[in-house]
Amino acid sequence: MATKLPKTDVVIVGVGWGGGIIASELTKGGLSVVGLERGKERKTEDYYMVHDELRYALRYEMFQDLSRETITFRGNEKIKALPMRSYGSFLLGDGLGGSGVHWNGQTFRFLPYDFEIKSKTIERYGKSKIPDGMTIQDWGITYDQLEPYFNKFEKMTGISGDENPLGGKRSEKYPTPPMKTTPGMKMFSDSCKGLNYHPYHMPSANLSEQYTNPDGIARAACQYCGYCERFGCEYGAKADPVVTVIPVAKNTGKFELRTHSNVRRILHKGGKATGVLYIDTTTGEEYEQPADIVVMTSYVFNNTRLLLMSNIGKPYDPKTGTGVIGRNYAYQVLKGAGVGFFEDKEFNIFAGAGSLGMCIDDFNGDNFDHKDLKFIHGANISYSQTGARPIQNNTVPPGTPTWGKDYKAATVKYANRHINVGAQGSCMPFRHHFLDLDPTYKDEFGDPLMRITFDFEDQDRELVKFMGAKCGDILKQMGADKVVANTELAPYEITTYQSTHNTGGVVMGSSPDTSAVNNYLQMWDTENLFVIGASAFAHNSGYNPTGTMGALSYRAAEGILKYHKNPGSLV
């Protein structure tokens with residue numbers, strides 16, 4: 001029997017970027033908020049000895065324990081899904097701050113085209129451009145409507161950058177100037193200009209200079225140590241929830257954080273959420289936390305899974321295309337890439353930062369003519385110098401022996417004599433790509449695991465062929481002595497790391513027939529339940545998702561404060 005606790009204004013499930021922003025904004029607005037985080041507490045001091053690649057990057061110190069809970073995966077509905085027993089394709093965050101602690105800090109805005117993708121595609125190319133089975137849809141919000149919230153997220157995090165010449169209009173400049181320009185970045189920039197492209201500095205949550213944000217939170221500048229992705233930042237230079245929004249919430253005296261608190265159900269009655277049921281993982285005791293408003297911010301998979309396990313919203317049915325919970329799962333397409341080897345140039349690529357780089361959007365969104373191409377959307381193409389740490393980086397030219405004296409000599413020679421240019425490709429949803437509850441496998445509490453059904457499509461293969469060739473062209477322009485371009489895409493497999501940019505499952509839109517939440521991320525059929533995160537994305541763009549997720553979180557926070565004063569649908 002669960003112990004029933006005193007009621008609160010708002011309970012948040014998961015305290016990463018989404019949960020932290022919601023907690024900060026709502027407590028500043030005077031609401032009492034309880035944050036339930038299933039992982040442990042974290043603080044900057046935890047990372048004073050963080051430069052341990054084996055512990056953090058290869059033994060996954062900061063990630064979810066897959067022996068307790070994982071996901072299952074299958075390429076299509078005809079085969080049985082199996083559990084992911086070790087980390088591969090993506091990394092699931094755990095602990096206070098979630099993935100917002102061990103991210104790289106690459107903070108883009110999705111393009112105006114993204115939010116109206118179906119309308120704009122049909123307007124320019126006609127309905128026949130969208131292949132059978134592709135379930136793209138407009139998001140129920142425009143870039144212009146979301147722009148003030150992008151601005152707010154960038155000011156809170158102190159994003160360093162310069163204006164994207166092919167992006168949406170900005171109301172203000174980035175709050176801090178771009179990161180340093182390394183020799184490799186300059187070569188990329190000069191070469192892109194030589195090809196009539198439009199390079200700009202990658203927008204960075206690794207601060208280029210000391211910065212104090214509008215909440216009064218001060219952080220130091222980045223030291224370019226190269227330990228960002230898979231690591232917490234020992235300087236606090238990389239924006240993460242623990243050093244930005246969570247302290248603001250705590251300082252109000254209105255925020256109570258409970259770690260080691262794993263939510264198993266959203267409780268509801270008469271079409272409204274009444275609270276959550278959670279277990280204290282240190283004692284095994286169960287608690288009921290009643291609340292006027294419930295906010296789910298627990299990543300794509302757990303948001304979807306909790307709704308399905310709690311019988312909230314209509315589950316998606318791929319056979320009929322009806323239902324919304326689990327709909328429009330999408331990933332990221334990263335295989336279009338190239339590597340250039342230089343015989344007489346060295347680049348010191350062991351130094352860097354998670355978001356140190358140059359990029360172009362000439363082949364992203366609908367910034368180029370797709371009339372004769374067999375795909376829609378595109379990719380952000382970049383050279384990023386994230387810090388080539390010694391264990392995981394041993395790039396050598398094809399044909400090099402895979403062991404022995406010659407292999408060792410080649411790894412030493414090319415350690416700082418190669419440059420990677422990559423395309424972060426968009427991913428479109430299809431009717432047969434979805435999330436549901438696995439009928440066989442369960443977690444440590446006996447609850448069903450999340451099941452992913454997904455594979456790459458012809459759309460993705462054509463995109464990789466095109467982008468890989470473009471990456472190769474840039475490397476040739478940069479003067480590489482040998483260029484190896486990847487233009488092929490094999491079936492999706494879950495054992496090789498690619499990206500943690502999973503999206504969809506609880507998507508936003510303008511109709512409850514094709515979306516689970518409105519443009520304030522409020523559930524259509526449970527008005528006091530808000531579901532926040534990349535789970536709301538109706539497709540995945542050619543960018544990292546955090547900037548757009550952050551903007552949507554600020555808009556949702558504004559909506560929740562409005563709802564608290566005047567309950568009802570916000571649209």
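The values are calculated or read from the model by the stated rules, or taken from the named source; none is laboratory data. Computed from a predicted model, the values in this text were never measured in an experiment. Every residue, glycine among them, receives a Cβ derived from its backbone with ideal geometry; neighbour counts consider all protein chains shown. Ligands, DNA and RNA are stripped out before the accessible areas are found, and what is left, the full protein with its side chains, is counted by its heavy atoms. Shrake-Rupley method; radii C 1.70, N 1.55, O 1.52, S 1.80 Å.
Structure summary
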{"item": "Selection within segment 480-491 - out of contact with any helix residue (DSSP H, G or I) (no Cβ under 7 Å at 6 or more places or on another chain), open to solvent by 40 Å² or more (accessible area, probe 1.4 Å) and either over 30 Å from His433 (Cα atoms) or of a type in the set (A, V, I, L, M) (or both)", "result": "Asp481, Lys482, Val484, Ala490"}
{"item": "Residue list for segment 430-446, filter: of a type in the set (Asp, Glu), surrounded by 15 or more Cβ atoms within 10 Å (Cβ to Cβ) and part of a loop (DSSP other than H, G, I, E, B)", "result": "Asp443"}
{"item": "Qualifying residue in segment 101-111 (condition: of a type outside the set (Asp, Glu), out of contact with any strand residue (DSSP E or B) (no Cβ under 6 Å at 6 or more places or on another chain) and open to solvent by 50 Å² or more (accessible area, probe 1.4 Å))", "result": "no"}
{"item": "Pairs, first of a type in the set (S, T, N, Q) in segment 161-175, second in a loop (DSSP other than H, G, I, E, B) and open to solvent by less than 50 Å² (accessible area, probe 1.4 Å), C-beta under 7 Å, six or more apart", "result": "Asn164/Asp361"}
{"item": "Filtered residues of segment 332-357 (kept if in contact with an Asp or Glu (Cβ under 9 Å, 6 or more places away or on another chain) and of a type in the set (Phe, Trp, Tyr))", "result": "Phe341, Phe342"}
{"item": "Residue check for Ser128: loosely packed, with under 15 Cβ neighbours inside 10 Å and touching a Lys or Arg at 6+ places or on another chain (Cβ under 9 Å)", "result": "no"}
{"item": "So Val531, is it buried (at least 17 other Cβ atoms within 10 Å of the Cβ) and either touching a Pro at 6+ places or on another chain (Cβ under 8 Å) or under 30 Å from Leu166 (Cα atoms) (or both)", "result": "no"}
{"item": "Qualifying residue in segment 232-242 (condition: of a type in the set (Phe, Trp, Tyr) and either touching a strand residue (DSSP E or B) at 6+ places or on another chain (Cβ under 6 Å) or at pLDDT 95 or above (or both))", "result": "no"}
{"item": "Subset of segment 189-219 [more than 20 Å from Thr548 (Cα to Cα) and aromatic (Phe, Trp, Tyr)]", "result": "Tyr197, Tyr211"}
{"item": "Positions within segment 385-431 being polar (S, T, N, Q) and under 28 Å from Asp458 (Cβ atoms), in sequence order", "result": "Asn420, Gln424, Ser426"}
{"item": "Strands (runs of 3 or more DSSP E) lying entirely in segment 200-310 (those with 3 or more residues that are open to solvent by 10 Å² or more (accessible area, probe 1.4 Å), basic (Lys, Arg) and under 25 Å from Val34 (Cα atoms))", "result": "261-269"}
{"item": "Pairs, first assigned to a strand (DSSP E or B) in segment 514-527, second among the β-branched types (Val, Ile, Thr), C-beta under 8 Å, six or more apart", "result": "Val517/Val506; Val517/Val507; Val517/Val531; Gln522/Val571; Met523/Ile312; Met523/Val517; Met523/Val531"}
{"item": "Segment 406-429, subset polar (S, T, N, Q) and in a strand (DSSP E or B), residue farthest from the chain's Cα centre (by Cα)", "result": "Asn420"}
{"item": "Inter-residue pairs, beta-carbon under 6 Å, first in contact (Cβ under 8 Å) with a residue 12 or more places away in the chain and in a loop (DSSP other than H, G, I, E, B) and in segment 133-147, second among the hydroxyl-bearing types (Ser, Thr, Tyr) and open to solvent by 20 Å² or more (accessible area, probe 1.4 Å), 6+ apart", "result": "Gln137/Thr514; Asp138/Ser119; Gly140/Ser510"}
{"item": "Counted residues, segment 327-362 - those being open to solvent by less than 20 Å² (accessible area, probe 1.4 Å), part of a loop (DSSP other than H, G, I, E, B) and touching a helix residue (DSSP H, G or I) at 6+ places or on another chain (Cβ under 6 Å)", "result": "2"}
{"item": "Criterion violated by Thr395 - all others in (1) of a type in the set (Ser, Thr, Tyr); (2) touching a residue at least 12 places away in the same chain (Cβ under 8 Å); (3) assigned to a loop (DSSP other than H, G, I, E, B); (4) under 27 Å from His432 (Cα atoms) satisfied", "result": "(4)"}
{"item": "Residue list for segment 23-81, filter: at positive phi and outside any loop (DSSP other than H, G, I, E, B)", "result": "none"}
{"item": "Residues of segment 158-183 that turn out to be under 22 Å from Ala353 (Cα atoms) and open to solvent by less than 70 Å² (accessible area, probe 1.4 Å), as a count", "result": "13"}
{"item": "Which listed residue is over 22 Å from Pro318 (Cβ atoms) and crowded, with 24+ Cβ neighbours inside 10 Å, from Thr548, Thr503, Thr496", "result": "Thr548"}
{"item": "Residue pairs meeting the criteria (Cβ under 7 Å; at least 6 apart or on separate chains; first of a type in the set (S, T, N, Q), in segment 401-417; second in a loop (DSSP other than H, G, I, E, B) and open to solvent by less than 80 Å² (accessible area, probe 1.4 Å))", "result": "Thr411/Asn394; Thr411/Val396; Asn416/Phe347; Asn416/Ile349"}
{"item": "Residues being among the hydroxyl-bearing types (Ser, Thr, Tyr) and open to solvent by 30 Å² or more (accessible area, probe 1.4 Å) - total across segment 379-390", "result": "2"}
{"item": "Some residue of segment 311-323 being open to solvent by less than 10 Å² (accessible area, probe 1.4 Å) and part of a strand (DSSP E or B)", "result": "no"}
{"item": "Output for segment 70-93, where each listed residue is within 28 Å of Lys238 (Cβ to Cβ) and open to solvent by 40 Å² or more (accessible area, probe 1.4 Å)", "result": "Ser86"}
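Each row is one residue, and each column tells you yes or no for (1) among the basic types (Lys, Arg); (2) open to solvent by 40 Å² or more (accessible area, probe 1.4 Å); (3) within 21 Å of Lys345 (Cβ to Cβ).
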site	(1), (2), (3)
His377	no, no, no
Gln392	no, yes, no
Val396	no, no, yes
Gly422	no, no, yes
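Each row is one residue, and each column tells you yes or no for (1) of a type in the set (Asp, Glu); (2) touching a helix residue (DSSP H, G or I) at 6+ places or on another chain (Cβ under 6 Å); (3) under 30 Å from Gly357 (Cβ atoms); (4) part of a loop (DSSP other than H, G, I, E, B).
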{"position": "Ser535", "(1), (2), (3), (4)": "no, yes, yes, no"}
{"position": "Asn544", "(1), (2), (3), (4)": "no, no, yes, yes"}
{"position": "Thr548", "(1), (2), (3), (4)": "no, no, yes, no"}
{"position": "Arg555", "(1), (2), (3), (4)": "no, yes, yes, no"}
{"position": "Glu558", "(1), (2), (3), (4)": "yes, no, no, no"}
